[in-house]
Amino acid sequence: MGEIINVSKIVECKKVELKERVNLLKQKGIIPKLAVISANHDEASKSYIRNKRKMCEELGLSQEEYVLREDITLNEVLKLVSSLNNDKSVHAILLQLPIYSHLDENKILMEISPKKDVDGFHPLNLGKLLIGTQGIIPCTPKGIITILDSLNIDYAGKVAVVVGRSKIVGKPVSQLLLNKDCTVITCHSKTNDLKQYTKMADILVVATGIPHLITSDMVKENSIIIDVGINRVNGKIVGDVDTQEVLKKVKYITPVPKGVGLTTVLSLMENVVYMAESF
Ligand code: GUN
């Protein structure tokens with residue numbers, strides 16, 4: 001029988017460290033500030049934003065929210081981003097995704113100054129991730145590494161299989177695991193015979209948005225499973241992995257809820273503090 005990773009405990013420990021860094025900044029008269037731009041009516045996004053706001057308050061970070069009208073033009077959004085880029089009190093800018101479909105997401109993300117790009121989605125930060133130098137790392141992938149690091153695993157030569165190739169999770173986490181010397185396989189919706197690959201995984205990261213896609217016959221004995229999915233099924237939140245069945249076979253698995261979602265918000269806070277420190 002495997003173990004469900006206590007992600008809440010990992011996050012609580014990290015918060016103590018982070019509070020100390022925030023206090024040091026405050027002694028220098030700096031209050032780290034995050035600007036959140038929200039341009040959608042998505043319920044899941046509202047819940048992410050609420051969680052971000054709560055953790056900002058808890059850690060003593062400042063947060064400002066810009067809720068955009070549905071008829072806003074791309075130019076108006078670009079102007080807002082430009083004014084936030086020039087605002088010396090703002091250290092970090094987050095464009096909550098998804099956004100209204102008439103707006104060009106990539107154009108807006110490119111406009112955010114790489115120094116204030118808290119999600120690490122700007123091509124400069126993504127390029128740094130590719131060459132393995134220090135940049136801003138996307139929050140969910142960074143949080144996944146925090147969880148894996150807490151297990152003290154030796155990454156070198158481990159087979160890491162990532163299911164999902166989004167710019168938010170799949171692609172950057174594949175790159176991070178490659179930078180850690182894993183042998184990485186990235187699977188996606190067009191992969192033939194998914195099970196053939198998932199069964200090889202010492203570390204399996206699943207980020208597809210398909211409830212219970214991964215069943216126990218698809219995983220390797222004694223492996224580590226990171227379930228990024230947050231799906232609402234019959235009023236209940238479930239992951240992309242059939243946790244209870246898979247748990248019988250693997251060594252560790254993250255829970256849903258109170259799993260990767262918690263480290264995503266923690267990583268966001270870490271990025272904001274890092275950006276205020278290096279301002
Ligand atoms: N929507 C879902 N996850 C994320 C994230 O990590 N960052 C942003 N900006 N939007 C998201």
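The values are calculated or read from the model by the stated rules, or taken from the named source; none is laboratory data. The structure presented is a predicted model; accordingly, all values stated were derived computationally and were not measured. Neighbour counts are summed over all protein chains in view; Cβ atoms, including those assigned to glycine, are modelled from backbone coordinates with ideal geometry. With ligands, DNA and RNA removed, areas are computed over all heavy atoms of the protein, side chains included. Shrake-Rupley method; radii C 1.70, N 1.55, O 1.52, S 1.80 Å.
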| note | Diffing region 77-83: the Karplus 3J(HN,Hα) column from phi (6.51, -1.76, 1.60, θ = phi - 60°), in whole Hz with x for Gly and Pro, holds 5, 4, 5, 4, 4, 5, 5
| Rolling a 1.4 angstrom probe over the protein heavy atoms, how many square angstrom per residue are accessible across the chain? | 49 Å²
| With DNA, RNA and ligands ignored, accessible area of residue 105 (1.4 Å probe; Å², nearest 10) | 50 Å²
| task | Compute the longest continuous run of the chain that contains no exposed trypsin sites (Lys or Arg not before Pro); treat a site as exposed when its DSSP state is not H, G, I, E or B and it has at most 13 other Cβ atoms within 10 Å. | result | 89-189
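Using only Cα atoms, what Kirkwood radius does the chain have, in angstroms? Don't jump to the answer; show the numbers that get you there.
Working: mean 1/r = 0.0514 Å⁻¹.
About 19.5 Å, per the Kirkwood formula over Cα pairs.
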| task | Rank 11, 136, 247 by how far each Cα sits towards the positive end of the charge dipole of the chain (+1 on Lys, Arg Cβ; -1 on Asp, Glu Cβ) and give me just the farthest. | result | 11
| message | Could you give each residue of region 230-238 its phi-based ³J(HN,Hα) in whole Hz, using Karplus coefficients 6.51, -1.76, 1.60 with θ = phi - 60°, and x for Gly or Pro? | response | 9, 10, 9, 10, 6, x, 10, 8, 10
| Any idea which of 29, 110, 47 is furthest toward the positive side of the dipole for region 1-116, if Lys and Arg beta-carbons carry +1 and Asp and Glu beta-carbons -1? | 29
| task | Count the net charge of all other residues whose Cβ sits under 10 Å from the Cβ of residue 167, scoring Lys and Arg as +1 and Asp and Glu as -1. | result | 0
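Quick check for me: using +1 on Lys/Arg Cβ and -1 on Asp/Glu Cβ, what's the dipole size of the chain about its Cα centre, in debye to the nearest 20? Present the calculation step by step, with values, prior to reporting the outcome.
Working: 36 positive and 32 negative charges, 66 e Å.
Charge dipole, the chain, about its Cα centre: 320 debye, nearest 20.
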| message | Using only Cα atoms and rounding to the nearest 10 degrees, what angle (0 to 90) does helix 43-59 make with the longest principal axis of the chain? | response | 70 degrees
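Carbon and sulfur: what percent of the chain's accessible surface (1.4 Å probe)? Walk me through the intermediate numbers first.
Details: 7040 of 13570 Å².
Ligands and nucleic acids excluded, carbon and sulfur give 52 percent.
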| query | Can you list the residues, at least 5 places off or on another chain, whose amide H is less than 5 Å from the amide H of residue 36, using H built in the peptide plane? | reply | 64, 65, 66, 94
| said: Rounding to the nearest 10 and keeping the result within 0 to 90°, find how far the Cα-based axis of helix 170-179 lies from the longest principal axis of the chain. | reply: 80 degrees
| said: With only alpha-carbon pairs counted, each pair once and no self-pairs, how large is the Kirkwood hydrodynamic radius of region 45-124 in angstroms? | reply: 13.5 Å
| Crossing angle, helix 7-27 versus the chain [Cα axis fit, 0-90 degrees, rounded to tens] | 20 degrees
| task | Give the Cα extents of region 107-259 along the principal axes, in whole Å, largest first. | result | 45, 39, 32
| said: Could you tell me the center-to-center distance, by alpha carbons, between region 131-147 and region 233-271 in angstrom? | reply: 18 Å
